[in-house]
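Each remark here refers to the structure printed beneath this line.
The values are calculated or read from the model by the stated rules, or taken from the named source; none is laboratory data. Bear in mind the structure is a predicted one, so any value in this text is a computation, not a measurement. Here Cβ is always computed from backbone atoms with ideal geometry, including for glycine, and neighbour counts include all displayed protein chains.
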């Protein structure tokens, strides 16, 4: 039986059930689609959203894939210099929380950071030397030193941060935001994903499901801008095809798709129609968007020498600002290369060489345009790194394994208190001892700044109401102004 015949058969059964005395089929079908049929506003979001006043109109999430080492960047532990080479006490770091990459080691020696630290800004926040550009804008930043998670391996840990679950298949945060709030620009996606590679090494895989819609309607998934060639495949018309011809073709195709949608009630067909129309509008908006050379030279210089190189982190940061000012709701940057199992003293500065200047430039650029007041910027990875050395320890060389118990994130803009260090870890940077912030707390806080109650933005799937924060999460109100 071919696909069309199968769909026709399903439709026949649906019609039979709808026409039966109890109408159980119609009830079941209605329960599947009612979550997406609530009244929507002009932006495409739900009419009853936001739940309260927004501080953030948009989010730029700078995800540092691989797990930045907190004690080499933000979590200053000068007393550990005297403990170089000593065994980390099992009372501090039990065997149960070690990965298979290091659990077989006979020794777990303390590896103090080789980075030089100093206080910066009026707030006096400690930062390591490779973050010299961030140091100049640190008074706009809230550094959260007490992040923690359950996942200890890359894929489930990154999936948890992006979707609220270690189990693949849930909607990503950007999809939830797009689903609830819609878009401020009908000619661009509400949710865009960008990727870049660090110079240290390629890094961990970044699967499309990290910006996918999961069980939400497909039109809410993130649109990935490619790092080479055309930003989106098949965006431009083939040679000899005019825009008018493309419009006529889409009109005919949409007519056929609409007939199929009326007949089979397949939500995927409605998604396809919406995506074709968005792609048509993007043919006009995207070329202007990616014309980085239209920026003043002073702006390009601020982001650094890689700001015009497509696919580089600096280029993506500048593109993120251009997306934000054009009304894109959620912009997700993924930068790979932080997985420092080997030569951490060289790898961390190399990653900062790629990311520090563009990151600081993004904050400065948003602020001078008056956009930082309503743009929430988030920076961080899927977990932190161990204070003990992976492999052989020397004064100049050490590696660090995965560490979920404590690590550092930072947030800036949109009602987040700048110049603040929040939370604390123990003397070994192993466990949180003050103001713990869980992954779901971070997600709840991001949604809160967007004017969304994380407990009320739900979607019914397979008989259960799902939400980004699952059954947990609390807004970290201490860091909000």
Legend entry - Number of the condition not met by residue 379 [criteria: (1) over 29 Å from residue 337 (Cα atoms); (2) modelled with pLDDT of 95 or more]: (1)
Legend entry - Among the candidates 396, 357, residue that is in contact (Cβ under 8 Å) with a residue 40 or more places away in the chain, surrounded by fewer than 22 Cβ atoms within 10 Å (Cβ to Cβ), at negative phi and touching a helix residue (DSSP H, G or I) at 6+ places or on another chain (Cβ under 9 Å): 396
Legend entry - Odd one out for residue 396, checked against (1) under 22 Å from residue 155 (Cα atoms); (2) not in a strand (DSSP E or B): (1)
Inset, instruction - Can you give me the ranges of the strands (runs of 3 or more DSSP E) entirely in segment 403-481 with at least 3 residues that are over 20 Å from residue 381 (Cβ atoms)? - result: 459-461, 464-466
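Right, residue 13: modelled with pLDDT under 95, in contact with a strand residue (DSSP E or B) (Cβ under 7 Å, 6 or more places away or on another chain) and not assigned by TED's automatic domain parsing to the domain that holds residue 449 or not?
Numbers: modelled with pLDDT under 95: yes; in contact with a strand residue (DSSP E or B) (Cβ under 7 Å, 6 or more places away or on another chain): no; not assigned by TED's automatic domain parsing to the domain that holds residue 449: yes.
It is false that residue 13 is modelled with pLDDT under 95, in contact with a strand residue (DSSP E or B) (Cβ under 7 Å, 6 or more places away or on another chain) and not assigned by TED's automatic domain parsing to the domain that holds residue 449.
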Legend entry - Selection count where residues are under 30 Å from residue 191 (Cβ atoms) and without any contact (Cβ under 8 Å) to a residue 12 or more places away in the chain, scope segment 43-92: 2
Legend entry - helices (runs of 4 or more DSSP H) wholly inside segment 222-334 containing at least 1 residues that are within 25 Å of residue 42 (Cα to Cα) and not assigned by TED's automatic domain parsing to the domain that holds residue 443: 243-264, 267-289
